[in-house]
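The values are calculated or read from the model by the stated rules, or taken from the named source; none is laboratory data. Treat the numbers as computed from the prediction; the structure is a model and nothing was measured. Quick reminder, even Gly has a Cβ in these numbers, built from the backbone with ideal geometry, and neighbours come from all protein chains shown. Protein only, heavy atoms only, side chains kept; ligands, DNA and RNA dropped before computing areas. Shrake-Rupley method; radii C 1.70, N 1.55, O 1.52, S 1.80 Å.
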Amino acid sequence: MAAPAIPATGRAIEVRASRGLWRDAMRRLLRNKPALLGLLFIGIFVFAAVFAPLIAPYGPLEGTLVQRMKPPGGAHLFGTDLQGRDELTRILYGAQVSLLAGVASVIMGLSIGGIAGALAGGLGGWVDSVLMRVVDVMLSIPGILLAIGIVAWLDRGLPQIMFAVAMTNAPIFARILRGSLLSLRNSDYVTAAQSIGAPPSRILLRHMLPNSLTALIVAATLALATAIIDVAGLGFLGLGPPDPRTPEWGTMLTDSTKFLRQAPWLIFLPGLAIVISAIGFNLLGDGLRESLDPRLKR
Amino acid sequence: MTKYILRRLLLTIPVLIGLSIVLFAFIHLLPGDPAAAILGQHATPDRVAAMREYLHLDDPIWQQYLAYVSNLLHGDFGTSVINNQPIIHEFLTRFPATIELTLAAMLYAVGVGIPLGRFAARHAQSWSDGAVTIVSLLGINIPVFVLGLTLQYIFAVQLKVLPASGRLDFSLRFDSPTNFLLIDSLVARRFDVFVDAARHLVLPAIALGSIPLAIITRITRASVLDVSNEDYVRTARAKGLTDGRVDSRHIMRNAWLPVVTVIGLQVGGLLAGAVITETVFAWGGVGRYVVDAINNRDYQVVQNVILIFAFVFLIVNLIVDVGYAFLNPRIRYA
Amino acid sequence: MTATAPVPAAVAAPARRRPPDNRLLSVEDLVVRFRTHEGAVHAVNGVSFELERGEALGLVGESGCGKSVTNLAIMRLLPKPAGRIEGGRVVFDGIDLVTLSEADMRDLRGKEIAMIFQDPMTSLNPVLTIEEQMVETIRAHRKASRAEARKRAIELLVMVGIPRPETRLKSYPHQFSGGMRQRVMIAMALALEPKLMIADEPTTALDVTIQAQVLELLRDLAEDRDTSLILITHDLGVVAGMTQRISVMYAGYIVETATTAELFENPSHPYTVGLLHSIPRLDEERAEALLPIEGTPPDQRRAPRGCPFAPRCAWRLEECWTDNPPLAPIDGSGRVITTGPDATHRIACHNPPTAEEAIAGRPLREGFVAAPPPDAVIQELVTRGAEEEPALLDEVVLMGPEGPESTAPSAGGLPIEPDDKP
């Protein structure tokens, strides 16, 4: 122990570092005001989806044509739609469809893209080349066009929509994971682990994946925002769930476009629901990125 | 530099091949007999037989693929089952409308986005920077159709200052030979048509351009801020250069690089967004053609429009990458 | 804080315009703060020093001690809007730079005062040729045609020893090696024959084999032109053969200043002693282990109450915790010479190490123990820490004399798994 020092200071720093990336990240996240706003938006969205049957003032299919296109106010806070159904109720139930389709498509995309990315980045060589060319091909078909093609091919239906949106996300996840694994493979601590003879599978699982995870978490959160928008977009193009009674936000919009003049709230309110949910995930994603990677903080 | 361009060109080839395989599979993996599936309700035994022959369905699968590629290379993109028109013909008459729309949207996104991003970076952390951040957050998260319908409601329904949809007022009789309305009307000296066409273009271009606008604003802001913190900018100031010179020569010359890349990537989003925008604004371009084709189950149209859009996207990115190399000496002299 | 900053008597005297003597630069009680989200960072806390024409001064300290900030403040290039000069004067050639208009300051930069930065890899603009960058420097200050400026640029490149300058001018920075780039930086700095050159860690980013060459070039060029030089470095070894005087900085204060020979012969501040013990000495044969200075510089978001080095110091007395000593002559005399070969050796220390202790690197006095922080100090740190950032609290508590010994290292973090798991 060298003389000119207080021995304890060194230990203090050690303790602080070991508080853990996740707890530090959480602390930073909870101080990030935009991210908290995002969490609030997501909270509203998830709450609406989960408790729609409890909080909705009417049934999702309940309504008569006599009551159609009533402006907001009175017995119908958000007015009624073309079939006289309560718009607030439809929007609350619509959150279920959006949340389900969004989360399922991102999980599907993560699984497909994650496996492809892990194989490409973990194995390298020709596996990497082939998989990355596939990713290039998929990314060369611009965004929602790929989803349109897949739905056109597989026919309409909620599972098809989820798969279609998942396939637009999967190549992005694959690229992120592969890139992160590749940079880690050349990092000093992985080289160090290799040099002490740790088996490759262990290096991949224990040293590399946890570090790549942060990038994937951020990407997945941001992908939820685009997934919600894309699902609504497919619905808007008439490629939504085949049952026209399903309260899907994009489909609700299409039905109402002809009545923009008479019933603009039937456009704005579902539109607002989409925007708020998407912004929620976007804000949270940005907040996560900042809090998981302290170096990014400016 | 030439080497770089060649290498970049070579890299595009496997993607094109992969793309043709995927889209070939799109048709040939349709459930049941592809010929019957393509023809759908228009299927008669004669037409199915003709289609089977056209697709070489009785040959081995690799010959079917070669036939498909060979047709593509000969400019044969198949015929629409709805009206028996060659798809390439339909496509070419509609594509100018889509180009007009996407170019206008891109001009709007770049023309507003870059100055806005520079402005936000210069006033970083101030309230005006915050306002720009909020607007760009909104821009990214408003779906094209929601924004399009909102714009229609405000400017066409309520204020009645701009037309709600279409490309040209019905009262104006104008025969556009190339279907580039803005150019054709100028050539024909029909300024009334030009003005009306331009007025029709405003709302769809803004709706379509908003996402790229938001993204370009963000990346410009981030890039300018990034570069402003670079050591060489400090060197430039330490040399006694004026702020204007530091800004234009040292900051922007470098800040451009990521912005250019992002602009190229937005072209894909614009083409995809055009599909929706054209639906909202009844814009007679390729986007609407595709949506109609999906609803009519006109598979070959869907297949080949996707192929052409992807091709255009690849070409644009190729051009952007070459432009990037030109701007960046580290690649130019690599 | 500002009120108690140490002000050496000689410097506090009002400066005359255009001093008749050989003085080029005098920095008087300079205070620089950075405003951040977490509060003000006290980067420079009343620094004073002077420089004669043709004199070379070394500014030495660990990163974050304020040496670079001091010089960015002289150049008025502090990062905006966070960094601000909050007090003091910087008189250069009779002009106070702190109050100078931005336009006049710009005229001065590059022409009268030139700067060389640490990393030549990042300090040259990657998208402009060397010619473009050199010519624009010359033409920013001198009415010269492009061709004239180009001719001058070639002369300069020859001067710093770059072969084939005509062709090299057309090159981009990435086509040069690090050492060559730093030569280009030096050429650019000398382009307008400045009166003062500030070199901020000019060789830190370079290969060890190149370092000596570049330093030598820098010294020779400065000496030939009678250009004053401020050499900033964390490495006392670098300044040894380079400068006439050295000022050691810590936490935004100058803690020791002397002629180079005197400082190496008779280091008198515990921090200087620590620095000397943490560099390898090639000129001495003893194979003694290097002693690193333990701990880290203080968090400068808070102005320290006492001596900023006290928490890391082995010689500290109780008063060191509460009273920040001013910079004063080591022999206790009142006369202070601030520049030149007879500059007074001054330190800011209550309990300077003796010559033997300086050699040993630790206190040798019988029964001497570094004073623990008084309760008042701990109490203050604890309350302040709890308010500002709970995480800091752990550090503060552990810093105390009887900190909890067994703090579980996995508190809240990823649990450290035993290695035998599959």
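Among the residues of the range A:153-168, write down those that are open to solvent by 10 Å² or more (accessible area, probe 1.4 Å) and in a helix (DSSP H, G or I).
A:153, A:154, A:158, A:159, A:160, A:162, A:163, A:167, A:168
Restricting the search to the range A:91-146, which residues are crowded, with 20+ Cβ neighbours inside 10 Å and among the aromatic types (Phe, Trp, Tyr)?
Scanning the range A:91-146 gives a single hit, A:93.
May I ask you to verify whether residue A:173 is open to solvent by less than 60 Å² (accessible area, probe 1.4 Å) and of a type in the set (Phe, Trp, Tyr)?
yes
Filter the range C:50-76 for residues that are hydrophobic (A, V, I, L, M, F, W, C) and in contact (Cβ under 8 Å) with a residue 24 or more places away in the chain and give the result.
The answer is C:51, C:56, C:57, C:59, C:60, C:65, C:69, C:73, C:74, C:75.
Based on what the data block shows, is residue A:130 in contact with a helix residue (DSSP H, G or I) (Cβ under 7 Å, 6 or more places away or on another chain) and either away from chain B (no Cβ under 14 Å) or not small (Gly, Ala, Ser) (or both)?
Taking the combined requirement at face value, the residue does not satisfy it.
Determine which single condition residue A:245 fails, assuming it passes every other condition in (1) open to solvent by 30 Å² or more (accessible area, probe 1.4 Å); (2) within 29 Å of residue A:80 (Cβ to Cβ); (3) within 13 Å of chain B (Cβ to nearest Cβ).
Of the numbered conditions (1) open to solvent by 30 Å² or more (accessible area, probe 1.4 Å); (2) within 29 Å of residue A:80 (Cβ to Cβ); (3) within 13 Å of chain B (Cβ to nearest Cβ), the odd one out for residue A:245 is (3).
If we scan the range B:281-288, do we find a residue that is open to solvent by less than 30 Å² (accessible area, probe 1.4 Å), within 20 Å of residue A:239 (Cα to Cα) and free of Cβ contacts under 8 Å to residues at least 60 places away in the same chain?
no
On the basis of being assigned to a loop (DSSP other than H, G, I, E, B) and open to solvent by less than 50 Å² (accessible area, probe 1.4 Å), does residue C:311 make the cut?
no
Scan the range A:169-199 residue by residue and report those that are within 14 Å of another protein chain (Cβ to nearest Cβ), part of a helix (DSSP H, G or I) and over 23 Å from the mean Cα position of the chain (by Cα).
Scanning the range A:169-199 gives a single hit, A:193.
What single numbered condition from (1) open to solvent by less than 10 Å² (accessible area, probe 1.4 Å); (2) more than 14 Å from chain B (Cβ to nearest Cβ) fails to hold for residue C:130?
Only one criterion is unmet by residue C:130, namely (2).
With respect to residue A:28, determine if the residue is within 14 Å of chain C (Cβ to nearest Cβ), modelled with pLDDT of 75 or more and in a helix (DSSP H, G or I).
Yes; evaluated as a whole, the condition is true for this residue.
All but one of (1) surrounded by fewer than 22 Cβ atoms within 10 Å (Cβ to Cβ); (2) under 24 Å from the mean Cα position of the chain (by Cα); (3) small (Gly, Ala, Ser); (4) within 30 Å of residue B:293 (Cα to Cα) hold for residue A:263; which doesn't?
Condition not satisfied by residue A:263: (2).
Condition test on residue B:71, is it polar (S, T, N, Q), more than 24 Å from the chain's Cα centre (by Cα), in a loop (DSSP other than H, G, I, E, B) and away from chain A (no Cβ under 14 Å)?
No.
Which of the residues that make up the range B:318-330 are more than 10 Å from chain C (Cβ to nearest Cβ) and either open to solvent by less than 100 Å² (accessible area, probe 1.4 Å) or closer than 18 Å to residue B:252 by Cβ (or both)?
B:318, B:320, B:321, B:322, B:323, B:324, B:325, B:326
Would you please name the residue that is farthest from the other protein chains (Cβ to nearest Cβ), looking only at residues in the range B:148-174 that are under 29 Å from residue A:225 (Cα atoms) and open to solvent by 30 Å² or more (accessible area, probe 1.4 Å)?
The qualifying residue farthest from the other protein chains (Cβ to nearest Cβ) is B:155.
Which residue is surrounded by the fewest Cβ atoms within 10 Å (Cβ to Cβ), if the candidates are limited to the range A:274-286 and must be closer than 18 Å to residue A:96 by Cβ, in contact with a Ser or Thr (Cβ under 8 Å, 6 or more places away or on another chain) and of a type outside the set (S, T, N, Q)?
Within the range A:274-286, the match that is surrounded by the fewest Cβ atoms within 10 Å (Cβ to Cβ) is A:281.
Considering A:141, A:148, which residue is in contact (Cβ under 8 Å) with a residue 24 or more places away in the chain, out of contact with any Ser or Thr (no Cβ under 7 Å at 6 or more places or on another chain) and within 29 Å of residue A:232 (Cα to Cα)?
The match here is A:148.
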